[in-house]
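Each reported figure results from applying straightforward, stated rules to the coordinates on display, with no laboratory input. Since the structure is predicted, the reported quantities are computational estimates derived from the model, not experimental observations. Please note: Cβ atoms are built from the backbone with ideal geometry, for glycine as well, and neighbour counts cover all protein chains shown.
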Amino acid sequence: MTSQGSLSSLAAARIAVKALLDGGVRHVVVSPGSRSAPMAYALAEAEAGGNIRLLVRIDERSAGFTALGLALSTGAPAAVLTTSGTAVGNLLPAVMEANHAAVPLVVLSADRPAELHGTGANQTTIQLDLFGEHVRFAVDIAAGSNPQRAVETAIYAATGALEDTPPGPVQLNLAFREPLVPEPGEALPPTKGHGVFHYDSGPQPLSMPPAPAELAERRTVVLAGHDAGPVAEAFARAHGLPLLAEPSSNARFGPNAVGPYRLMLDNFGPGSAMPIERVVVFGRPTLSRPVAALLARNDLPAAMYEPVPVAWYEHGRRREERFESLTELAGFAGRGSDEWLDAWLLAGAAAQHALDGVLEAEQAANGPAVGATVWKHARGQLVLGSSNGIRDVDLAGQPSPEPLATVFANRGLAGIDGTISTATGIALGGGRETTLLLGDVTFLHDAGGLLLGAGEPASDLRIVVLNDAGGGIFGLLEHGKVEDDGGYGTAVERLFGTPHSVDISALAAAYGVGHTSVRTTAELAAVLASPLKGRSIVEVGTDRSDLRPLHARIKAAVASAVSQ
């Protein structure tokens, strides 16, 4: 493509928008800017025609994560539009997450024409390849040139249509030359009403025939990590194997699911009466060190179900044997004996009872109790923030007979940034009641995600904030031992705990969001059972000073119950 072309900026933008529509894009998040104006006007025309839904966010980082959430909940590519300069750089966190989570995020970055580069022109920098290897495809589209083929290629790459390539983010860097506005006399077409593009993708159990009787009996466990899907539950049930499922696997349900599994692995480890013989992995497990230690055992045969390319690891860098076929995977896993499955289910029931007993004895709310309560009451869509929130659910959330909500989490890179914005996009894309559980530091990191401009659509989103006035997760790691030893004074609390005194109710009022404070899980359960309309924040006040001893009490109680 040359730097000069025959198309006006708005004509090129209209071609780009049509190609996006043809590629299945139905949601675009727009951050205001001048250089991106041709795309903004062309998108406004498409929205007036009822062909696309636009959202406007003044913060590009929030815009990027909102688009990420839209793509997560719909399964379709979603786009984010920015002007040139630092605006594009603010998308990097969302692009990185989309890369590792294989989310079809389309970056539409506007740029100055080639003749202005290298001249010191305002808001002009090198934008192509800004995201490096985090995008599946990136291309400069010169001012005045036809963008159709570039957009088509980008959509193919974003949706995983290219051979042996998982879905993921792409960048279309669109240069526009002035004039950037419509010709005099042009106007929006007659409005046909806002398009509503919801995808009813509620969780559904899968059916699978029982494992063939000729399969060898093996003491295998099925480990369902993030994004494993209901196929993991169906496989475990069909093969009579215990299911160890993380919350965002969307497989944490059914008769074979074990709740506090991560506290039970030692009871089935080397030297035990019934040691684990094999591990079958669905999805990406990320949440606990006991599971990481299990998968790191070179003496334990392990397999991974990978029917399509994934983005979160490089082949040859993990030891699990890869299987594309469930039939071949069945040969590796074998089938479980009644004794093997019953041992896990009985131990799991005892562990869950012991854990619940510890939590019920607590006077005030705490992380595991809040996680269990949210898990029990959430319907529609559930979004779990990184850090302690998702781990609390993994520890204490009791598996249900059937899936109760579709669960989402940013586990590609497990960052806390953009969580409110991601949940907002998920709620708007899914069109269903959505609950978000997160900690106070994660909440404050994306408080700007609460900002909606006048007239922008609001979702039915309930935000549960576990507020312990700082970051509690580090106290559960080795940093907690450093703090207990006292050799570093207040350094651990200052540098890791990051204490604060933010008034979340005042923050909610500033953004026009409802706010409720609760102190007990019973109060939280009552709020969660109430009808939800619009956006609201439920603040659960807790004290993290007892968090480390609480987890020690839980671990001791479970160990005692399982060993009996």
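Residues whose amide H comes within less than 5 Å of that of I463, counting only those at least five positions distant or on another chain, are L436, S536, I537, V538 (H built at 1.01 Å from N in the peptide plane).
Shown for M96, M264, M208, M274: other C-beta atoms within 10 Å of each C-beta, ranked fewest to most, produce the order M274, M208, M96, M264. The mean sequence separation of alpha-carbon pairs under 8 Å and at least six residues apart, normalised by the residue count of segment 426-564, gives a relative contact order of 28 percent.
Overall, the chain carries a charge dipole of about 380 debye about its Cα centre when +1 sits on the Cβ of Lys and Arg and -1 on the Cβ of Asp and Glu, all other atoms neutral. What do you get for the angle between helix 547-563 and the principal long axis of the chain? Use alpha-carbon atoms, 0 to 90 degrees, nearest ten. The helix 547-563 is inclined about 50 degrees to the chain. If you take all C-alpha pairs in segment 9-175, what percent of them are over 24 Å apart? Cα-Cα pairs in segment 9-175 separated by more than 24 Å: 24 percent. Packing order of peptides 517-530, 300-313, highest average first: 300-313, 517-530 (average count of other Cβ atoms within 10 Å over each peptide's residues).
Protection proxy ranking of 535-543, 265-273, by the mean of other Cβ atoms within 10 Å over each peptide's residues and highest first, is 535-543, 265-273.
Can you say what percent of the DSSP beta bridges in segment 220-337, counting only those with both residues inside, are antiparallel? Round to 5.
5
Taking Cα atoms of the chain, Rg/Rh with Kirkwood Rh, to two decimals?
On the way: Rg = 25.1 Å, Rh = 25.0 Å.
Radius of gyration over Kirkwood radius for the chain works out to 1.00.
Just to confirm a number: summing +1 for Lys and Arg and -1 for Asp and Glu over residues other than G371 whose beta-carbon lies under 11 angstrom from that of G371, what do you get? Walk me through the numbers before you get to the answer.
On the way: positive: K376, R391; negative: D392, D394.
Summing Lys and Arg as +1 and Asp and Glu as -1 gives 0.
Rounded to the nearest 20, the Cβ-based charge dipole of segment 511-564 about its Cα centre (Lys and Arg +1, Asp and Glu -1) stands at 140 debye. Legend: ranking of residues V502, V374, V135 from fewest to most surrounding C-beta atoms inside 10 Å; resulting order V502, V135, V374. Reported to the nearest whole Å, the Cα centre-to-centre distance from segment 7-50 to segment 335-353 is 56.
Put simply, segment 373-423 fits an ellipsoid with semi-axes of 20, 13, 8 Å; these come from the alpha carbon gyration tensor as the roots of five times its eigenvalues, largest first.
Rounded if a/c is under 1.5, else prolate if a/b is larger than b/c, else oblate: which is segment 220-337, with a ≥ b ≥ c the root eigenvalues of its Cα gyration tensor?
Values: a/c = 1.27, a/b = 1.16, b/c = 1.09.
Verdict is rounded for segment 220-337.
Non-local lysine pairs in the chain, meaning eight or more places apart or on different chains, with alpha-carbon distances under 28 Å, amount to 5. Looking at segment 365-542 alone, DSSP beta bridges between its own residues are antiparallel in about 0 percent of cases. Evaluated with a Cβ-only charge set (Lys, Arg +1; Asp, Glu -1), segment 1-91 carries a dipole of roughly 20 debye about its Cα centre, given to the nearest 20. Candidates P399, G430, N366 compared by Cα position along the dipole of segment 358-473: farthest toward the positive end lies G430, with charges placed on Cβ.
Using the Cα gyration tensor of segment 334-485, with a ≥ b ≥ c the square roots of its eigenvalues, what is the shape: rounded (a/c below 1.5), prolate (a/b larger than b/c) or oblate (neither)? Oblate. 3J(HN,Hα) couplings calculated from phi for segment 386-402 with the Karplus curve 6.51 cos²θ - 1.76 cosθ + 1.60 (θ = phi - 60°) are, in sequence order, 6, 6, 6, x, 5, 6, 5, 5, 4, 6, 10, x, 6, x, 9, x, 10 Hz; Gly and Pro show x.
Which order do the peptides 160-166, 89-95 take when ranked by the mean count of other beta-carbon atoms within 10 Å per residue, highest first?
Details: 160-166: 13.4, 89-95: 21.6.
Ranked by mean Cβ neighbours within 10 Å, highest first: 89-95, 160-166.
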